[in-house]
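Undergrad: The structure follows.
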Number of protein chains: 2
Amino acid sequence: MTDFYDLAAIGNAIVDVIAPADDAFLAAEGLTKGSMMLIDEAQATALYGRMAPGMETSGGSAGNTVAGVASFGGRAAYLGKVAGDQLGEVFAHDMHAIGAAYATPPLAEGPATARCLINVTPDGQRTMCTFLGASTELSPADVEAPVIEGAKIVYLEGYLFDPPEARRAFEKAAALARGAGRMIAITLSDSFVVERHRAELLAFIERDVDIVFANEAEITALFETDFHAAIEAIRTRTRIAAVTRSEQGSVVVAGPETHTVAAFPVEKVVDTTGAGDQYAAGFLFGLAQGRPLDVCGRLGSLAAAEVISHYGPRPLVSLKDLAAAQGL
Amino acid sequence: MTDFYDLAAIGNAIVDVIAPADDAFLAAEGLTKGSMMLIDEAQATALYGRMAPGMETSGGSAGNTVAGVASFGGRAAYLGKVAGDQLGEVFAHDMHAIGAAYATPPLAEGPATARCLINVTPDGQRTMCTFLGASTELSPADVEAPVIEGAKIVYLEGYLFDPPEARRAFEKAAALARGAGRMIAITLSDSFVVERHRAELLAFIERDVDIVFANEAEITALFETDFHAAIEAIRTRTRIAAVTRSEQGSVVVAGPETHTVAAFPVEKVVDTTGAGDQYAAGFLFGLAQGRPLDVCGRLGSLAAAEVISHYGPRPLVSLKDLAAAQGL
């Protein structure tokens with residue numbers, strides 16, 4: 001099988017709307033800091049109407065990871081559904097401009113391109129409310145076998161477990177990857193996603209998944225236990241697990257191996273949006289290049305540090321140059 | 001006449017698309033660094049297709065100035081035309097979210113919301129290509145007398161001299177302001193605008209304008225002479241002129257008075273988009289509060305320094321707080 005891509009990723013195609021907010025705003029809106037909540041279009045319109053002036057930028061967890069891998073110089077492909085509207089055009093443009101392969105046809109009729117309303121507090125924490133719009137209409141027909149089968153690693157977003165049609169697309173992608181002997185990676189995405197789909201996620205991981213990405217809240221939610229017990233539990237369920245812990249860096253386990261990876265220092269945390277997505281980008285790029293796991297973790301830390309130092313979920317500088325400057 | 005607003009501004013309502021670029025890209029596209037060029041929709045689509053991944057944010061020269069005045073705590077109103085599309089909704093949201101009065105009805109049928117494609121080079125310089133779209137459809141009917149007559153200062157964008165319908169809206173606004181005894185301010189906007197409309201601009205300034213904003217290229221284009229001769233020429237044509245000179249600060253003249261105002265130091269110039277617009281915001285806010293002209297100039301310098309320290313043409317922090325911290 002020819003390796004056309006280092007990574008093929010499938011996820012909710014979302015445009016982010018990022019605006020500053022304070023803790024009082026989060027409280028008044030009933031939002032839990034750092035969380036992701038699904039909202040409908042009416043709620044999105046109402047919340048947007050109360051938010052501060054913002055900036056719009058392409059987002060979506062797996063889309064951000066694809067942008068990161070491309071920024072490292074990797075070859076990446078993306079599958080995700082936008083609508084045929086201006087924000088959908090922005091999303092597609094940004095995918096192509098970063099050099100990623102992206103050819104999912106936009107939704108002809110139906111809801112608008114998905115939006116994630118992100119309120120960023122002065123401590124850099126992001127609180128997300130997502131209107132999934134057209135992204136939930138990603139269907140198995142959109143999952144192109146040559147893209148999945150031509151990638152060294154197929155990366156799946158846990159968020160896709162929520163919408164039934166996208167879930168079927170997810171399952172098709174996983175089956176194609178398994179059939180082609182490709183490595184399968186998943187991000188747990190969100191602790192509420194884990195709680196909603198714990199048993200199915202765990203079964204899927206044990207059967208199909210080679211690489212699991214999670215943060216502390218997600219991994220402890222998956223096993224309903226404390227951090228250290230969760231780390232030992234995931235160690236036996238998958239080949240490689242990388243668990244991020246914000247400023248405490250990450251822990252990478254693989255069979256008997258354990259690597260503790262420090263976070264890269266950041267002068268000021270401006271906006272944590274995309275931190276986990278960029279960690280995954282660095283890690284997966286390293287893995288696709290056959291680098292040792294501790295180096296993969298450091299590439300992840302480096303990419304995460306870049307993205308939290310500015311507004312927006314994707315790198316603003318070349319991660320390839322940044323890695324070279326760090327001797328990675 | 002009640003002062004409902006410190007400032008009412010009329011301009012091209014534009015959404016900015018900001019992306020990094022290098023000098024080679026500008027050369028390949030035939031773009032002159034630091035310039036603003038008008039392009040049609042086909043050119044916009046083609047150029048956008050070649051640009052790097054970007055971010056979208058509300059812009060438009062006078063719109064940026066309104067956002068700056070509101071950020072200082074001033075009461076501001078805006079008149080400008082968007083289409084009834086997603087980018088138009090973003091523009092209107094951002095106006096309302098900053099606390100500005102904005103009620104121009106969106107264009108029901110016709111071109112899309114105006115876009116300014118901004119390529120930012122590593123030196124922080126911005127090179128702009130504007131597709132005017134719906135903004136040129138601003139008509140005299142959109143110029144509401146109570147808004148113009150209720151503002152201490154009416155601020156007009158030189159860019160509006162280009163499209164015939166917007167030009168008529170500009171003239172109606174000027175006539176209403178004059179009739180109500182309001183101060184009229186204009187920005188020359190662009191040296192090519194000045195060259196295209198030199199005689200009419202000069203006649204308009206001499207007859208109607210109290211406050212002229214220009215940069216060095218614009219003021220020398222207006223009088224077809226060198227900087228010092230141009231300063232002396234504008235001194236006799238209007239009541240107050242504020243001429244910006246990038247890192248050399250600004251020169252403010254008013255009859256016999258001359259104030260040389262230093263630029264505020266900036267750690268790193270990231271993106272000069274909006275520098276002149278924010279200078280005007282600080283200056284006009286100060287003027288509306290009855291502050292001395294040198295203080296108005298310093299408020300302008302402060303606002304310009306904030307906006308060039310990050311991507312995007314509008315302030316990301318409260319200019320009111322920033323001014324207080326500087327003892328202004």
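Undergrad: Among the residues of the stretch B:233-250, write down those that are surrounded by 13 or more Cβ atoms within 10 Å (Cβ to Cβ) and without any contact (Cβ under 8 Å) to a residue 40 or more places away in the chain.
TA: B:ALA233, B:ILE234, B:ARG235, B:ARG237, B:THR238, B:ARG239, B:ALA241, B:VAL243, B:ARG245, B:SER246, listed by residue number.
Undergrad: Among the numbered criteria (1) more than 9 Å from every other protein chain (Cβ to nearest Cβ); (2) crowded, with 24+ Cβ neighbours inside 10 Å; (3) closer than 27 Å to A:PHE283 by Cα, which one does A:VAL15 miss?
TA: Every listed condition holds for A:VAL15 apart from (1).
Undergrad: Do the conditions hold for B:GLY110, that is, is it touching a helix residue (DSSP H, G or I) at 6+ places or on another chain (Cβ under 8 Å) and in a loop (DSSP other than H, G, I, E, B)?
TA: Against the criterion (touching a helix residue (DSSP H, G or I) at 6+ places or on another chain (Cβ under 8 Å) and in a loop (DSSP other than H, G, I, E, B)), B:GLY110 qualifies.
Undergrad: How many residues are under 20 Å from the mean Cα position of the chain (by Cα) and more than 28 Å from A:ILE98 (Cα to Cα) when one looks only at the stretch A:1-31?
TA: Within the stretch A:1-31, residues that are under 20 Å from the mean Cα position of the chain (by Cα) and more than 28 Å from A:ILE98 (Cα to Cα) number 0.
Undergrad: Could you give me the residue pairs with C-beta distances under 7 Å whose first residue belongs to the stretch A:108-131 and is free of Cβ contacts under 8 Å to residues at least 40 places away in the same chain, whose second residue is of a type outside the set (Gly, Ala, Ser) wherever it lies, and which are 6+ apart or on separate chains?
TA: Hits for this filter: A:GLY110/A:GLU137.
Undergrad: Still on this structure: Condition (residue is within 17 Å of the chain's Cα centre (by Cα), modelled with pLDDT under 95, outside any helix (DSSP H, G or I) and not hydroxyl-bearing (Ser, Thr, Tyr)) applied to the stretch A:190-198: is it met by at least one residue?
TA: Looking for residues that are within 17 Å of the chain's Cα centre (by Cα), modelled with pLDDT under 95, outside any helix (DSSP H, G or I) and not hydroxyl-bearing (Ser, Thr, Tyr), one finds at least one in the stretch A:190-198, hence yes.
Undergrad: Out of all the residues in the stretch A:41-87, which are at the interface with chain B (Cβ under 8 Å from one of its Cβ atoms), aliphatic (A, V, I, L, M) and in contact with a helix residue (DSSP H, G or I) (Cβ under 7 Å, 6 or more places away or on another chain)?
TA: A:MET51, A:ALA52, A:LEU87
Undergrad: Moving on to the next point. Checking the condition assigned to a helix (DSSP H, G or I), loosely packed, with under 15 Cβ neighbours inside 10 Å and not hydroxyl-bearing (Ser, Thr, Tyr), which residue from B:ALA62, B:ALA70, B:ALA27, B:ALA44 passes? If you could, list the steps in order and put the result at the bottom.
TA: Details: B:ALA62 fails: loosely packed, with under 15 Cβ neighbours inside 10 Å; B:ALA70 fails: loosely packed, with under 15 Cβ neighbours inside 10 Å; B:ALA44 fails: loosely packed, with under 15 Cβ neighbours inside 10 Å.
Result of the check over B:ALA62, B:ALA70, B:ALA27, B:ALA44: B:ALA27.
Undergrad: Would you tally the residues in the stretch A:308-327 being buried (at least 17 other Cβ atoms within 10 Å of the Cβ) and closer than 24 Å to A:VAL253 by Cα?
TA: Number of matching residues: 1.
Undergrad: Taking the conditions exactly as written (within 14 Å of chain B (Cβ to nearest Cβ) and not aromatic (Phe, Trp, Tyr)), does A:VAL270 satisfy them or not?
TA: It is true that A:VAL270 is within 14 Å of chain B (Cβ to nearest Cβ) and not aromatic (Phe, Trp, Tyr).
Undergrad: Next question, about the same structure. Could you check B:ARG207 against (1) basic (Lys, Arg); (2) in contact (Cβ under 8 Å) with a residue 24 or more places away in the chain; (3) over 30 Å from B:VAL269 (Cβ atoms) and say which number it fails?
TA: Every listed condition holds for B:ARG207 apart from (2).
Undergrad: State yes or no: is B:ASP277 within 23 Å of B:SER191 (Cβ to Cβ), within 14 Å of chain A (Cβ to nearest Cβ) and in contact with a Lys or Arg (Cβ under 9 Å, 6 or more places away or on another chain)?
TA: Criteria not met by B:ASP277.
Undergrad: Looking for whichever is more than 9 Å from chain B (Cβ to nearest Cβ), farther than 26 Å from A:PHE192 by Cβ, surrounded by fewer than 23 Cβ atoms within 10 Å (Cβ to Cβ) and not aliphatic (A, V, I, L, M) here; the options are A:PRO122, A:PRO105, A:PRO111. Which one fits?
TA: Going through A:PRO122, A:PRO105, A:PRO111 in turn, the sole match is A:PRO105.
Undergrad: Anything in the stretch B:88-101 that is among the charged types (D, E, K, R) and either touching a residue at least 12 places away in the same chain (Cβ under 8 Å) or more than 10 Å from chain A (Cβ to nearest Cβ) (or both)? List them, or say none.
TA: Matches in the stretch B:88-101: B:ASP94 only.
Undergrad: Check B:VAL253 against each of (1) without any contact (Cβ under 8 Å) to a residue 24 or more places away in the chain; (2) within 25 Å of B:ALA174 (Cα to Cα); (3) assigned to a helix (DSSP H, G or I) and name the one condition it does not meet.
TA: That leaves (3) as the condition not met.
Undergrad: Continuing with the same structure: Might you check whether a residue that is at pLDDT below 95 and outside any loop (DSSP other than H, G, I, E, B) occurs anywhere in the stretch A:222-241?
TA: no
Undergrad: Continuing with the same structure: Need the failing condition index for A:LEU176 against (1) of a type outside the set (Val, Ile, Thr); (2) under 26 Å from B:GLY49 (Cβ atoms); (3) surrounded by fewer than 24 Cβ atoms within 10 Å (Cβ to Cβ); (4) modelled with pLDDT of 95 or more, just the number.
TA: Among (1) of a type outside the set (Val, Ile, Thr); (2) under 26 Å from B:GLY49 (Cβ atoms); (3) surrounded by fewer than 24 Cβ atoms within 10 Å (Cβ to Cβ); (4) modelled with pLDDT of 95 or more, the lone unmet condition for A:LEU176 is (2).
Undergrad: Here is a list of conditions, (1) within 14 Å of chain A (Cβ to nearest Cβ); (2) farther than 30 Å from B:GLU149 by Cα; (3) small (Gly, Ala, Ser), and B:SER35 meets all of them except one; can you say which number that is?
TA: (1)
Undergrad: Return yes when B:GLU165 is acidic (Asp, Glu) and more than 28 Å from B:THR45 (Cα to Cα) and no when it is not.
TA: no
Undergrad: Oh, and also: How many residues does the stretch B:270-306 contain that are in contact (Cβ under 8 Å) with a residue 60 or more places away in the chain and buried (at least 24 other Cβ atoms within 10 Å of the Cβ)?
TA: Qualifying residue count, the stretch B:270-306: 16.
Undergrad: Turning to a different aspect of this structure: Can you give me the number of residues within the stretch A:200-221 that are part of a helix (DSSP H, G or I) and within 21 Å of the chain's Cα centre (by Cα)?
TA: Of the residues in that region, 14 qualify.
Undergrad: Within the stretch A:280-314, restricting attention to residues that are farther than 19 Å from A:THR187 by Cα and part of a loop (DSSP other than H, G, I, E, B), which residue is nearest to the chain's Cα centre (by Cα)?
TA: Out of the qualifying residues, it is A:GLY312.
Undergrad: Being more than 25 Å from A:GLN278 (Cα to Cα) and either in contact (Cβ under 8 Å) with a residue 12 or more places away in the chain or in a strand (DSSP E or B) (or both) is the filter here, so list the residues in the stretch A:47-59 that pass it.
TA: A:LEU47, A:TYR48, A:ARG50, A:MET51, A:ALA52, A:PRO53
Undergrad: Now a separate question. Could you identify the single residue in B:ARG196, B:ARG182, B:ARG207 that is over 17 Å from B:GLY276 (Cα atoms) and surrounded by 19 or more Cβ atoms within 10 Å (Cβ to Cβ)?
TA: Just a single option satisfies the conditions, and that option is B:ARG182.
The values are calculated or read from the model by the stated rules, or taken from the named source; none is laboratory data. Not measured: the values here are computed from a predicted model. Please note: Cβ atoms are built from the backbone with ideal geometry, for glycine as well, and neighbour counts cover all protein chains shown.
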